[in-house]
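Okay, structure first, notes after.
The values are calculated or read from the model by the stated rules, or taken from the named source; none is laboratory data. Computed from a prediction, not measured in an experiment: that's the story for all the values here. Cβ placement follows ideal geometry from the backbone for every residue including glycine, while neighbour counts extend to all protein chains displayed.
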Amino acid sequence: MSPYRTAARAIVVITMLLTYSCFAQEERWERRDQWQNFPRIFSAMDVQEGSVVADVGCREGYLTVRLAGAVGERGTVYGVDIDAEALERLRKNLQETEISNVVAVHSRPDDPLLPDSVLDAIVVVNSYHEFDAYREMLAHFLTALKPGGRLVIVEPAKASSRGDSREAQVAEHRIALHFVLQEVREAGFEIVEALDPFVERAHRSDEMWLLAARKPSEP
């Protein structure tokens, strides 16, 4: 077989794989839309047109893309993740959808690398339990938010393990609301609302709770 024909076949295979990947992601996101209730998350964040917000632990951008539409052209979304490959997938999604109001941020384990006193809201969905340096991260969130800015955390929990230690729950990639309530208060936030449960994840046989907190307003 000629090298040209081999190269042509390789291009076809790569194109098919990329097309399949795009369809698979779209299908996953549509399934997630059925249970995640992202409009209620945005309500807890108090997202408005023109808001400046951050999606921490954004992965390939399920929530980031939806936030970009919610804040509009005058708004900005920071898509933050520690995983460089996930951010590359995010950038690819943004390019394909021609979204231009998102800033991808490659964060550190103890610092989301967000600008100070700029953000109206920060959301962390299914990622807080991964923060080994959660105290440092909460301190940075507080600094990044404007006075009155919102922090919304959504995490999975399972009824059978809610009484377990924090360490045991985190090892199962879950965390109960009461741990995070205490940690957020100790970081200096005011609690706005707590929903437990918030949504059910039938495919995981567990639930997710939602916590909304606020940076105290300056006198």
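Details
- Just so you know, in region 56-66 the residues that are out of contact with any Phe, Trp or Tyr (no Cβ under 7 Å at 6 or more places or on another chain) and among the aliphatic types (A, V, I, L, M) include one that is surrounded by the fewest Cβ atoms within 10 Å (Cβ to Cβ), and it is 65.
- Only one of 60, 26, 49, 30 that is part of a loop (DSSP other than H, G, I, E, B), at pLDDT below 95 and acidic (Asp, Glu): 60
- Hey, residue 142 in a loop (DSSP other than H, G, I, E, B), farther than 22 Å from residue 38 by Cβ and among the hydrophobic types (A, V, I, L, M, F, W, C) or not: no
- Test result for residue 118, on the phi < 0 side of the Ramachandran plot and crowded, with 22+ Cβ neighbours inside 10 Å: no
- Restricting region 145-161 to residues that are out of contact with any Asp or Glu (no Cβ under 6 Å at 6 or more places or on another chain) and not in a strand (DSSP E or B), the residue that is surrounded by the fewest Cβ atoms within 10 Å (Cβ to Cβ) is 160.
- Test: residue in region 97-112 that is under 26 Å from residue 217 (Cβ atoms) and touching a helix residue (DSSP H, G or I) at 6+ places or on another chain (Cβ under 7 Å): yes
- Looking across region 180-205, the residues that are closer than 22 Å to residue 36 by Cα and part of a helix (DSSP H, G or I) come down to 180, 181.
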